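Only one structure is covered here, and it is reproduced in the block below.
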Amino acid sequence: MKKILEVIKQIFCRHDYRWYVKDEKYHCISGETQYLVCKKCGKIKDTRFIKYD
């Protein structure tokens, strides 16, 4: 039931997307993965990998 409510919330949400980085136990030393996430409903729209110089 909870999963169905999340899907309905994502369908009718007026998305406000922001770039976030997950706080993980293990990290890649050559860069980081960033996620484009709606801060209202949690829908993930896009991901990108940013390399460190």
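The values are calculated or read from the model by the stated rules, or taken from the named source; none is laboratory data. The structure presented is a predicted model; accordingly, all values stated were derived computationally and were not measured. Cβ coordinates were reconstructed from backbone atoms using ideal geometry, including for glycine residues, and neighbour counts include every protein chain displayed. In case anyone asks, the SASA skips ligands and DNA or RNA and just uses the protein heavy atoms, side chains included. Shrake-Rupley method; radii C 1.70, N 1.55, O 1.52, S 1.80 Å.
Only a single item in (1) of a type in the set (D, E, K, R); (2) open to solvent by 100 Å² or more (accessible area, probe 1.4 Å); (3) in contact with a Lys or Arg (Cβ under 8 Å, 6 or more places away or on another chain) is not met by residue 16, and it is number (2).
Among the residues making up region 1-19, a single one is more than 28 Å from residue 50 (Cβ to Cβ) and in contact with a Cys (Cβ under 6 Å, 6 or more places away or on another chain): 9. Residue pairs whose Cβ atoms lie under 6 Å apart, sitting 6 or more positions apart in sequence or on different chains, and linking a residue in region 1-18 that is of a type in the set (A, V, I, L, M, F, W, C) to a partner that is in a helix (DSSP H, G or I) and surrounded by fewer than 10 Cβ atoms within 10 Å (Cβ to Cβ), do not occur here.
On the stretch given as region 19-43, residues that are open to solvent by less than 100 Å² (accessible area, probe 1.4 Å) and either within 24 Å of residue 4 (Cα to Cα) or of a type in the set (Gly, Ala, Ser) (or both) total 9.
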